[in-house]
Amino acid sequence: MAAKNVLGIIFSNAYDEVIPEITAFRTMGSVPFASRYRLIDFQLSYMVNAGIPRVGILTNSNYRSLMDHIGNGKAWDLARKREGLTILPPFNHPDTGVFKGKLDALYGSIGYISDSGKDYVLVTDCNIVSDIDYDSLMNYHLETKAEITLAYSEGLATGIKNGMEYELSDDGRITAMKYIDSCSDNMKTSLKTMVINRTLLERLLHEANSKRITDFETLFADNTSNLRIYGYRHDGYVKIIENIKTYYEANLDLLNPEVRNALFTPEKPIYTKTSDKVPAKYGIAAKAVNSLIADGCKVYGEVENCILFRGVTVSKGAKIKNSIIMQDTFIGENAAVEYVITDKDVNIGAGKKLCGAENYPIYIGKGINI
Amino acid sequence: MARKQECIAMLLAGGQGSRLGILTKNIAKPAVPYGGKYRIIDFPLSNCVNSGIYTVGVLTQYQPLALNDYIGNGQPWDLDRADGGVHILSPYQQIKGTEWYKGTANSIYQNIKFIERYDPEYVLILSGDHIYKMDYSKMLDYHKENNADCTIAMIEVPWEEASRFGLMLVNDDGSIAEFEEKPKNPRSNKASMGIYIFNWKKLRSYLIEDEANENSGNDFGHDVIPAMHAAGERMFAYQFDGYWKDVGTIDSLWDSNLDLLNPKVDLDLDDDSWKIYSRSPVAPPHYVGANAVIENSMITEGCEIDGSVDFSVLFANVKVEKGANVKYSIVMPGTVIKSGASVQYSIVAENTVIEEGATVGKSPEEMKNIEDWGVAVVGSGVTIGKNAEVAPKSMIDTDIGGEN
């Protein structure tokens, strides 16, 4: 029940630049994921499932599609008279201008944070898909009497770039942190998720603003001895999306039943905006194996190892393999598609052949006609 | 006082639907699942909002729990409104005593006060028994053009089936000359769809009159409409062309679900201009496994398919394990069909378990005597044991043990 006293803050734009193709028209939070979701659905659902009653979504740019998706927060049960969901558009503070880092972004919303009346603030990004439990993260924060708790994993998020590595003492306190270029198996690396006491956060925001510090990492790295910073170890599934390849992998990971069972449990459902599409329809001679398929799809051809979003049509004789096909894409008759990511509303004409490689899937932009 | 509405809808959802047998043991007929993610009542409710009617009274009586729960505040249909919206109307206690809804007309009579709050010009009466997409606003225009007191939606049915329906003989100007209720030798194939538009002031006085008549069965089709006709009120038939099916029997429910797989059937649920809304379960996309073979079927969110599915409609969260076989069947939410089980020509209700090797239903070709063939039905929550058999045409509502 600790979560009742928590304000959730989600950065919807952080790391947009790591998948520039897909975030050209949208925030990281509204990046389509797993057939019927947007990345932000996961963070929002984790928070709601933990019992966090108040959530602010920080936006910076291109947030129309995000607002479209979130609406008043009804799908997450966050459309409430008391508390609930608030979208925090960029606040052009006289001191800061349009924000550059997370600290000045939060500084722009400092009034919202203070007014929340919550004692703790949970701050997360959207480009992490995991089965982390925020309730136990909160409990850990309270047990250790930490001022700040940073979630980390050991060896799970391997290969990521621009990470932070933590050094921990035996009692779990973070004693040092440093930037790393890539993460290897035995490293304890940041999951870009933290709990911080609200009053401390306010103090740090004022301090950082006067010193023109824009990111948490710099601030924390210099203060590991002054602040009680603890590390919360997460051992389940983690995937950090930091480029088109990891985006592709995170989607295809869902074809593994263990990953699916970790992310989609009936007790902790992932909520999303409903689309009222009809169930998927399979035609005569359809052949679909090892794929995730959303409502509104029409499958008349062959589908293997794919993630199909809502309203995708795979025509007769078409073969798609190892691909991510976003909403309302049309694959024409006898087309062949492999290692491809299509954005929304793409049309791949009859008989066309497209093939990327496993380590470099081809991305086809929104609305492109081939 | 609520704001005045030109037309409000009253949806008769109190019927048991006894011909659906065990499928309506615990739920009212309008709450029966249909088409992979819908319930029957989604059709009239969605038709209402698509037609611009945002005030709907839903009259419930028989087993209302599931239905009330499903409709909730009406949000999935955009009927959670400050002005109007959906209202569940159950029988209630009055000074003179408690009264159940005695008949369709009586249920409206008992809710005169609800209707009066909106001071409507017209009242649309609907039933929760049919699958169809219809623009009620066009019917209302027709009603107004004819300056009618009552307009009845009508559809032409095949002559050989006509005797199952309430029929109308219609004059050239569209006015109704005569009614015939399920005649042996029909003189018309124009069947009433059970959809009525009344001028509210007229209907109100006939309802009061009908209530005072002790010999009346308080039914629209049997009592109120004949009384209006006899009194010479202006009654018109509004012709509807399109898909319309009563899903009141096991066979028609089965047929109507499979109609969705038939490209020749004129019922497109993938029509963005006339969406059928429903309360969607929160479930991940469906997963088709490495061994799945799916053809000519509808499959929805939360399903996990690793077996073979052919000519079937699967609802949310159905699991078909490797080596299981589903053919010409309707499988409702949460059911698990285990490895080696076979489900054919069946309707399997919610949350049942078909254990390994069990057989439910048979194809007509396998029957020695075709008279014994029919759709097999397994009721909700039932477990069919390992290698057990459910015969065609049977209805099972208790567990069947299997081999250990």
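Remark: region A:33-44, residue by residue, has Karplus-estimated 3J(HN,Hα) of 8, 6, 6, 9, 10, 10, 3, 5, 4, 5, 4, 4 Hz, where x stands for each Gly or Pro and the curve is 6.51 cos²θ - 1.76 cosθ + 1.60 at θ = phi - 60°. Could you pull out the pairs from A:Lys192/A:Lys352; A:Lys188/A:Lys321; B:Lys182/B:Lys393; A:Lys81/B:Lys138 whose alpha carbons sit more than 31 Å apart here? Among A:Lys192/A:Lys352; A:Lys188/A:Lys321; B:Lys182/B:Lys393; A:Lys81/B:Lys138, the Cα-Cα distance tops 31 Å for A:Lys192/A:Lys352; A:Lys188/A:Lys321; A:Lys81/B:Lys138. Ranking A:Tyr152, A:Leu88, A:Gly8 by how far each Cα lies toward the positive end of the dipole of region A:3-263 (charges on Cβ) leaves A:Leu88 at the top.
Backbone geometry of region A:121-136 corresponds, through the Karplus equation with coefficients 6.51, -1.76 and 1.60 at θ = phi - 60°, to 3J(HN,Hα) couplings of 10, 9, 10, 9, 9, 9, 8, 10, 10, 7, 10, 5, 10, 5, 5, 6 Hz, x marking Gly and Pro. Counts of other chain beta carbons within 10 angstrom of each beta carbon in peptide B:299-306 average 5. Approximating the spin labels as points 7 Å out from Cα along Cα→Cβ, the A:Ser182-to-B:Ser205 distance works out to 8.9 nm.
Expressed as a rounded percentage, what relative contact order does region A:281-364 have, with Cα pairs under 8 Å and six or more residues apart? Dividing the mean separation by the residue count of region A:281-364 yields 20 percent. Modelled spin labels at B:Ala212 and B:Val265, positioned 7 Å past Cα toward Cβ, are 4.8 nm from each other. With a ≥ b ≥ c the root eigenvalues of the C-alpha gyration tensor of region B:1-104, is it rounded (a/c under 1.5), prolate (a/b larger than b/c) or oblate? Cα axes put region B:1-104 in the oblate bin. In a fully extended conformation the segment linking B:Asn171 and B:Ala2 would gain 56.9 nm over its present Cα-Cα distance, using 0.36 nm per residue. Across region B:159-260, C-alpha contacts under 8 Å between residues 6 or more apart give a mean separation that, scaled by the residue count, equals a relative contact order of 22 percent.
I'd like the FRET efficiency for A:Asp170 and B:Asn291, computed as 1/(1 + (r/R0)^6) with the beta carbon distance as r and R0 of 51 Å, rounded to 0.05. Once the sixth-power term is evaluated, E becomes 0.55.
Evaluated with a Cβ-only charge set (Lys, Arg +1; Asp, Glu -1), chain A carries a dipole of roughly 1180 debye about its Cα centre, given to the nearest 20.
Taking each residue as 0.36 nm, the span from B:Gln16 to B:Ile88 lengthens on full extension beyond its C-alpha to C-alpha distance by 24.3 nm. Subtracting the Cα-Cα distance of B:Lys322 and B:Asp397 from 0.36 nm times their residue separation leaves 24.4 nm of extension gain. Taking amide H as placed 1.01 Å from N in the peptide plane, A:Cys183 has its amide H under 5 Å from the amide H of A:Gly159, A:Ile160, each at least 5 places away in sequence or on another chain. At 37 °C and a viscosity of 0.692 mPa s, what translational diffusion coefficient does Stokes-Einstein give for region A:175-301, taking Rh as the Kirkwood radius over Cα pairs? Give it in µm²/s as a whole number. So the translational diffusion coefficient is about 169 µm²/s. Tell me which of A:Gly356, A:Gly301, A:Ile324 sits at the most positive position along the dipole axis of region A:276-359, charges placed on C-beta atoms (Lys, Arg +1; Asp, Glu -1). It is A:Gly301. With both labels modelled 7 Å from their Cα along Cα-to-Cβ, the B:Ser363 to A:Thr199 distance reads 7.6 nm. For B:Val170, the residues 5 or more places off, or on other chains, whose built amide H falls under 5 Å of its own are B:Ala177. Pairwise alpha-carbon distances in chain B exceed 37 Å for 27% of all pairs. For region A:187-196, putting each phi into the Karplus relation 6.51 cos²θ - 1.76 cosθ + 1.60 with θ = phi - 60° gives couplings of 7, 9, 10, 5, 9, 6, 9, 9, 10, 9 Hz, in residue order, rounded to whole numbers and with x for Gly and Pro.
Computed from the Cβ-Cβ distance with R0 of 25 Å, the FRET efficiency linking A:Lys268 to A:Glu143 stands at 0.70. Just check region A:124-179 against the gyration tensor rule for me: Cα atoms, a ≥ b ≥ c as the square roots of the eigenvalues, rounded for a/c under 1.5, and otherwise prolate or oblate depending on whether a/b exceeds b/c. Judged from the Cα gyration tensor, region A:124-179 comes out oblate (a/c at least 1.5, b/c at or above a/b).
With no solvent and one point per C-alpha, what does the Debye sum give as log10 I(q)/I(0) for chain A at q = 0.14, 0.15 Å⁻¹? Debye intensities relative to I(0), on a log10 scale: -1.17, -1.31. Each DSSP beta bridge with both residues in the protein assembly as shown is either parallel or antiparallel, and the antiparallel ones are about 35%.
If both residues of a DSSP beta bridge must be in chain A, then about 35% of such bridges are antiparallel.
Considering only alpha-carbon pairs that sit under 8 angstrom and 6 or more positions apart, the relative contact order computed for chain A is 15 percent. Mind checking which of A:Ser114, A:Ser275, A:Ser130 has the largest fluctuation in a GNM of chain A, springs on alpha carbons under 10 Å? Greatest mean-square fluctuation among the candidates belongs to A:Ser275. Note on the protein assembly as shown: with charges restricted to the Cβ of Lys and Arg (+1) and Asp and Glu (-1), its dipole about the Cα centre is near 1140 debye. Rounded, prolate or oblate: which fits region A:281-364, taking a ≥ b ≥ c as square roots of the Cα gyration tensor eigenvalues, rounded meaning a/c under 1.5, else prolate when a/b beats b/c? Rounded shape, in that the Cα axes give a/c under 1.5. In this structure, B:Ile370 and B:Lys96 have a Cβ-Cβ separation that, at R0 = 35 Å, corresponds to a calculated FRET efficiency of about 0.05.
Counting beta carbons within 10 Å around each of B:Phe43, A:Phe216 and listing the fewest first gives the order A:Phe216, B:Phe43. For chain A, adding -39500 (n - 2.57) for each run of n ≥ 4 DSSP H residues and dividing by the number of residues yields -6000 deg cm²/dmol at 222 nm. Of the Cα atoms belonging to region B:299-390, the radius of gyration and Dmax stand at 12.0, 39 Å. Each eigenvalue of the Cα gyration tensor of region B:245-299, multiplied by 5 and square-rooted, gives one semi-axis; in descending order these are 23, 17, 13 Å.
Inter-part distance, region A:247-321 to region B:258-337, computed on C-alpha centroids, equals 12 Å.
Under 5 Å between amide hydrogens, built in the peptide plane, is the criterion, and for A:Ala288 it picks out A:Val303, B:Ile294 among residues at least 5 positions away or on other chains. Shown for A:Lys316, B:Lys319: other C-beta atoms within 10 Å of each C-beta, ranked fewest to most, produce the order A:Lys316, B:Lys319. Extent along the principal axes, Cα only, for the protein assembly as shown: 93, 65, 54 Å, with the longest axis given first.
Any read-out appearing in this document is the output of simple, stated calculations on the displayed coordinates, not a laboratory observation. Only a predicted model underlies this, so the values are computations on that prediction, with no experimental measurement involved. When we count neighbours, we look across all protein chains shown, and the Cβ atoms used for this are built from the backbone with ideal geometry, even at glycine.
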